[in-house]
1. Cβ-Cβ below 7 Å, separation at least six or inter-chain, first residue in region 239-254 and under 16 Å from Y192 (Cβ atoms), second exposed (fewer than 12 other Cβ atoms within 10 Å of the Cβ): which pairs?
2. From the residues in region 253-287 that are of a type in the set (V, I, T) and either in a strand (DSSP E or B) or crowded, with 24+ Cβ neighbours inside 10 Å (or both), which one is nearest to the chain's Cα centre (by Cα)?
3. Across region 469-484, what is the total count of residues that are part of a loop (DSSP other than H, G, I, E, B) and either surrounded by fewer than 15 Cβ atoms within 10 Å (Cβ to Cβ) or without any contact (Cβ under 8 Å) to a residue 24 or more places away in the chain (or both)?
4. Which of the residues belonging to region 73-114 are part of a strand (DSSP E or B) and among the basic types (K, R)?
5. Restricting to region 239-252, what's the tally of residues that are β-branched (V, I, T) and assigned to a loop (DSSP other than H, G, I, E, B)?
6. Please state which of the following conditions D141 fails to meet, knowing it meets all the rest: (1) crowded, with 16+ Cβ neighbours inside 10 Å; (2) in a loop (DSSP other than H, G, I, E, B).
7. Only one of these is at pLDDT 95 or above, β-branched (V, I, T) and under 30 Å from the mean Cα position of the chain (by Cα): I477, I405, I444, I467. Name it.
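The values are calculated or read from the model by the stated rules, or taken from the named source; none is laboratory data. These figures come from a predicted structure and were not determined experimentally. Here the Cβ is made from the backbone with ideal geometry for all residues, glycine too, and neighbour counts use every protein chain on show.
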Amino acid sequence: MADNTFFIEFKNFYMGYSPTAHLNSLTEIGNFGHASSMANVNVLTPDYITQGPALLSLINGTQAGTEVVDELINFIMDKAVSDDVSYGIGATKLFKISATTVAKGGTPSWPQAITTCTDGESCINMKGNLYGLYNKSSGGDILKMPLSSEVIDPDWGSQEPTGKAALQKAIHPVAVKEDIMVFGNGRYLGTYIEGDDTLAPTKLDFGQGNEVADVIFHANQWYIAVNSGVSGTNRNNGQIFVYDGAAISTILSDEVSIGVQRIGFLFPLNGVLYLAYQDLSSTGYKIGYVSGRTIRDIGFFEGSLPSFAQKTLYKNTMLFLSGGSVFSSGAVVDDLPIQMSQLADGGYATCGAIAAPFGTPMIASTDNTNYRLAKFSGYDTACNWRSIVVPTIKGRLVGYIDQVIVLTPTLAANARCDLIIELNQASSSSSTFQITTTGKRKHILNINKGRIEDFRIFLNWAEGNAINDCPVRIVQISGHYTEQ
């Protein structure tokens with residue numbers, strides 16, 4: 001602020017959501033790069049904000065015609081088992097997936113039906129074999145499939161190994177370290193040690209009313225997320241237990257309690273253990289990290305609590321699903337602050353798995369009639385971003401916006417973003433101004449709006465282009481004060 005004028009620059013969009021955006025859509029808290037709301041925008045490129053990625057269905061990736069994805073894929077392996085090969089498990093089938101295609105036909109014929117499976121939960125590669133954990137109409141089981149033959153033994157867990165037994169009917173997160181597989185089994189933590197072919201589905205018992213939500217291997221130990229309490233829309237208590245890496249003992253090493261909050265997933269990244277969790281008494285959901293025996297919040301998001309199957313790594317950030325949308329949390333480089341942003345649409349309203357075994361994220365979704373497995377491709381146009389609200393009252397004076405200048409990279413053909421100024425607690429707005437023109441970088445908009453108590457900028461790519469995006473580097477607002 002200088003004399004009777006003001007000059008504000010909206011930039012550094014990599015900051016993501018305002019810390020209080022989940023509490024108030026008209027928040028004033030944050031910096032001029034923070035958003036009060038956003039939909040499907042990419043703030044992961046530090047120099048500008050642009051359209052988020054669109055989705056392209058994989059070949060054979062829907063239920064239409066002769067395509068093969070006719071059920072929701074609940075889990076996709078986040079690492080390829082060989083060049084351009086990964087697997088996913090759905091309600092009743094095992095799917096073979098490449099970077100572009102869901103396998104169809106062949107020997108054996110893909111996708112493969114899993115006898116008695118009614119709810120596929122997870123799958124993982126260990127020592128050249130794929131293991132799939134799933135539920136049946138009663139109880140659960142583990143399938144085994146040698147990757148060399150791809151022939152499924154559907155009831156291996158209950159029929160073959162030492163300690164063979166059925167599983168609980170429950171969610172079944174799974175993780176592997178060398179020849180040890182550790183998995184959630186309802187109130188139990190189960191283990192399988194490949195070296196002596198020993199299955200122990202109830203190795204650790206967390207007690208009645210508890211459920212293992214996720215399990216990961218981190219810092220040479222197993223970390224086990226456990227929720228206790230009544231399922232559904234009820235408050236739960238969440239704890240993270242630490243278990244010896246050898247998975248032989250029946251004694252836990254340590255625990256971290258997060259109190260009356262429900263855990264969705266655990267995620268190790270760059271030596272730090274992150275988690276998604278929920279407090280029913282507060283608005284939204286949270287991402288935090290473990291620091292000693294405490295949990296530190298780093299960001300909030302809306303939608304739903306993501307599960308162990310709804311997380312992956314993308315551009316050095318956690319990518320996860322929530323309420324039919326794709327969110328990002330983290331920093332693309334360590335020198336930037338940790339951000340929370342809503343990057344892309346998840347496809348249909350109900351999302352299953354997200355994974356990036358070949359580098360590009362792919363997402364399974366359904367509307368209960370149609371099914372889809374799609375990957376990031378091109379640019380979405382259902383994208384928008386709103387800044388925090390900026391007060392323009394100075395004593396008895398109110399603001400008058402004289403001019404807006406928008407700086408972009410050199411625009412390609414048909415690139416376009418529209419800018420609107422929302423005024424006085426978003427109760428009115430300016431006209432729509434187009435940011436466009438091939439080869440242009442500086443866009444001067446004469447707004448001329450007076451008697452402004454506060455404002456925020458609204459960037460909208462609804463008329464944008466799916467091939468040539470319209471990035472915005474800086475929005476400069478200049479104005480002066482006038483008597484009310």
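1. Within 7 Å, the pairs are G245/N220.
2. To start, the set of residues in region 253-287 that are of a type in the set (V, I, T) comprises 256, 258, 260, 263, 272, 283, 287.
Filter once more, keeping what is either in a strand (DSSP E or B) or crowded, with 24+ Cβ neighbours inside 10 Å (or both): 256, 258, 263, 272, 287.
Values: V256: 24, I258: 21, I263: 15, V272: 18, I287: 11 Å.
So the residue we want is I287.
3. To start, the set of residues in region 469-484 that are part of a loop (DSSP other than H, G, I, E, B) comprises 469-471, 473, 484.
Checking the rest, the ones that are also either surrounded by fewer than 15 Cβ atoms within 10 Å (Cβ to Cβ) or without any contact (Cβ under 8 Å) to a residue 24 or more places away in the chain (or both) come to 484.
Looking only at that region, the number is 1.
4. First, the residues of region 73-114 that are part of a strand (DSSP E or B): 73-76, 82, 85-90, 93-97, 101-102, 105, 110, 112-113.
Those that are part of a strand (DSSP E or B) and among the basic types (K, R): K93, K96.
5. So the first thing to find is which residues in region 239-252 are β-branched (V, I, T), and the list is 240, 242, 248, 250-251.
Now restrict to residues that are assigned to a loop (DSSP other than H, G, I, E, B): 248, 250-251.
The total comes to 3.
6. (2)
7. Working: I477 fails: under 30 Å from the mean Cα position of the chain (by Cα); I405 fails: under 30 Å from the mean Cα position of the chain (by Cα); I444 fails: under 30 Å from the mean Cα position of the chain (by Cα).
The unique qualifying residue is I467.
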